[in-house]
Amino acid sequence: RNSEKIINKQSINISKKKSASLKAMHGIKAETMIIKKALLNGNFKILVKSMRKSWVMKKKIVKGISNNHLNRVYKKAIEAGAYAGKISGAGGGGFMLFYVPIDSKERVKKTLIKFGGKINNCNFTKKGSEAWSI
C-alpha cells in the first residue's frame, strides 16, 4: 500500500469536510481518550470495546486505509482468540495491534504468521509497556 496516497486522500476528505470522514476522525479521537482512561484504570473490557469501535471508524476515514487482505487477517486473528485489534500507520510502515488473552496467544501468533506477519510482543507492566521482537 502506498501511504502517501492514503494520507493525501485522508487530508482531502478532511479539508472538504466530508461528513463520514470527519465523524470517524472525531470518533477515533473520543475513543483515544476512552482507551487512555481504560488503561490507567486497568479496565480491559472497556479497552477491548473501544479498540473494536476504533477499528470500524478508522476504515471509514478514507477508502484504502484497509483492504480485503487486512480485513481477512483481522477477522482470522479474532477467530483465533484475539479480543480486539486496530490498524495503525500506513503503507509498508503500518502495523496491526491486537489485544490477545494469554490462553489464545499461540493460536493468534500461528494465524498471523500464516499471513506473513511479523510478531512483536507487548505486555503491560507496572513500569508501562515493554516491547521486544521475536
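The values are calculated or read from the model by the stated rules, or taken from the named source; none is laboratory data. Owing to the predicted nature of the structure, the values given are computational and were not obtained by experimental measurement. Remember, those area values only see protein heavy atoms, side chains included, never the ligands or the DNA or RNA. Shrake-Rupley method; radii C 1.70, N 1.55, O 1.52, S 1.80 Å.
General remarks:
- Relative to the longest principal axis of the Cα atoms of the chain, helix 105-114 runs at roughly 50 degrees.
- Of the solvent-accessible surface of the chain, computed with a 1.4 Å probe and all protein chains present, 56% belongs to carbon and sulfur.
- Quotient of Cα Rg and 2.2 N^0.38 Å for region 13-134, N being how many residues it contains: 1.10
- Taken per residue, the accessible surface of the chain reaches 69 Å², heavy atoms only and a 1.4 Å probe.
- Shape category assigned to region 7-76 from the gyration tensor of Cα positions, a/c cut at 1.5: oblate
- Debye-sum result for region 40-104 in log10 I(q)/I(0), which assumes one identical scatterer on each alpha carbon, at q = 0.12, 0.17, 0.24, 0.25 Å⁻¹: -0.31, -0.61, -1.10, -1.16
- Angle in degrees between helix 44-61 and the longest Cα principal axis of the chain, rounded to the nearest 10: 30 degrees
- Angle in degrees between helix 68-79 and the longest Cα principal axis of the chain, rounded to the nearest 10: 30 degrees
- Available extension along the chain between residue 95 and residue 40 is 17.4 nm, counting 0.36 nm per residue and deducting the alpha carbon span.
- Residue with peak Gaussian network fluctuation, the chain [Cα springs, cutoff 10 Å], from 85, 116, 94: 116
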